[in-house]
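Undergrad: Here you go, one structure.
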Amino acid sequence: MFLLAGALTLAVCGAQARAQEAFSDAGVDYTLELPTAAWKATSRPDSVHQHVEFVNGDRMDGYLRIRKEAVKHEETPAGMAARDADLKLRYKSGYVGGGKPETFAGRLKGVTMGYEYTEAGKQMAGRLYYLQADEHTVYALHFTGLREKLQRARNQTDAIARSFRLK
């Protein structure tokens, strides 16, 4: 019985490990791992757009946009999160902030914060990860999607942010 349970556990873990897909592109200076085959890159950097976008099957199930931001010498990821909440996010329809940013540690350290809003009458959510690359660079990983679906995918958003690393 224990042998069967162990074999089943290994099979499930193996299937999950194969489902992860590494993302790398010559146009960006980072790599990350996508936790399931449903996550696909929908745009790549070019001469006009310097960000990458990913979709989790459907944009409403999960959408990720990654930006590289230059920061002032004294600015921290927590300060960036507060600034973005005040200058960008609070103007979204039905915006409800998620409180103070939480410390986040993966291959890069930073903060994460969540928020809710409405779009076309639907309850949406967002989760941002501000990851400090060096004293002048922070990467912002901005996830959005239907509230219930993005909340259920928190382990996936955390896994993507934890796997984010510089080349």
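Derivation of every value follows stated rules applied to the coordinates shown; laboratory data play no part. Just so it is clear, the model here is predicted, and its values are computed rather than measured. Positions of Cβ are backbone-derived with ideal geometry, glycine not excepted, and every protein chain shown enters the neighbour counts.
Undergrad: Ignoring everything except DSSP H segments at least 4 long, calculate the 222 nm mean residue ellipticity for the chain; use -39,500 (n - 2.57) per segment, divide by total residues, nearest 500.
TA: Computed mean residue ellipticity for the chain: -8000 deg cm²/dmol.
Undergrad: Please report the orientation-averaged projected area of region 20-166, defined via the convex hull of its C-alpha atoms, in nm².
TA: Projected over every direction and averaged, the Cα hull of region 20-166 covers 8.5 nm².
Undergrad: Would you list, by chain and number, the aspartates and glutamates whose Cα falls below 17 Å from the Cα of K72, excluding same-chain residues fewer than 8 positions away?
TA: D84, D134, E135
Undergrad: If each residue's Cβ is checked for other Cβ atoms within 10 Å, how do L166, L89, L131 rank with the fewest at the top?
TA: Ordered by Cβ neighbours within 10 Å, fewest first: L166, L89, L131.
Undergrad: Order the peptides 121-127, 69-75 from the highest to the lowest mean number of other Cβ atoms within 10 Å of their residues.
TA: Taking the mean over residues of other Cβ atoms within 10 Å, the ranking is 121-127, 69-75.
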